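The values are calculated or read from the model by the stated rules, or taken from the named source; none is laboratory data. Here the structure is a predicted model, which is why all the values come from computation and not from measurement. Ideal geometry is used to build each Cβ from the backbone, glycine not excepted, and the neighbour counts take in all protein chains shown.
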Amino acid sequence: MAYGKFISYMRVSTAKQGKSGLGLEAQREAVSQYLNGGDWELVQEFVEVESGRKNNRPELEKAIRLCQAVGATLVVAKFDRLSRDAHFLLGLQKAGIKFVAADNPQANELTVGILALVAQNEAEAISTRTKAALAAAKARGQQLGAYSKEDKTKFVGRTGTRDDCLKAAEGKKAKADDMARKVYQLIKDYGLSPDEPASSIARFLTSRGIQTPSGRSTVWQTTTVQRLKARWG
């Protein structure tokens, strides 16, 4: 049985199929049968007219952004409705997108999971090399830590060289910028002007159940939106 929030994505290969509904009804029926029973909510449906060999699909990108925003699972009628490109599917997993195919619910684990293990192995190798480099630096007597706010020449608090601290700060900024871009695009997807007052945008995001940057709440504060708007430029 299905549980939680779902966003459905359907794709047809020709404009004729899109206008006539040929293929779409069968996909809707497959998704409906998969969701039958359980405790679930279908947040929204997205329909794309595009070949499976192309990965530049705006409707799928909208569906992915909404999945990220509300913590929903992307559901498709058939696995090939997403893509025939394995790298593209792996990209969905790296983005933290849960997805399932109604015709083969286990395909998510059996197919993409194998690819994910390869990526995970590489990430673990990088982590191991980084830890070894830090250990070697400490063994050489190199001072590690974060700079004090009061004394910019003094390291305190946590492990890492000055470069490590700067990289961490850059990573934090990049993450915040990425979140701002996603919210900006999500607002545009729904036809809301980014120039709306922060209080109005906060109410809109809250009403849609969009997760805040911390991921711990769906209740948006005006100040949170103001910080994001400052990054829109």
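Every residue, every condition in (1) modelled with pLDDT under 75; (2) surrounded by 13 or more Cβ atoms within 10 Å (Cβ to Cβ); (3) on the phi < 0 side of the Ramachandran plot, yes or no:
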| position | (1), (2), (3) |
| --- | --- |
| Lys5 | no, yes, yes |
| Tyr9 | no, yes, yes |
| Leu22 | yes, no, yes |
| Gln27 | no, yes, yes |
| Leu35 | no, yes, yes |
| Leu42 | no, yes, yes |
| Val49 | no, yes, yes |
| Asn55 | yes, yes, yes |
| Glu59 | no, yes, yes |
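Looking across the stretch 184-233, the residues that are small (Gly, Ala, Ser) and loosely packed, with under 15 Cβ neighbours inside 10 Å come down to Gly191, Ser193, Ser199, Ser200, Ser207, Ser214, Gly215, Ser217, Ala230, Gly233.
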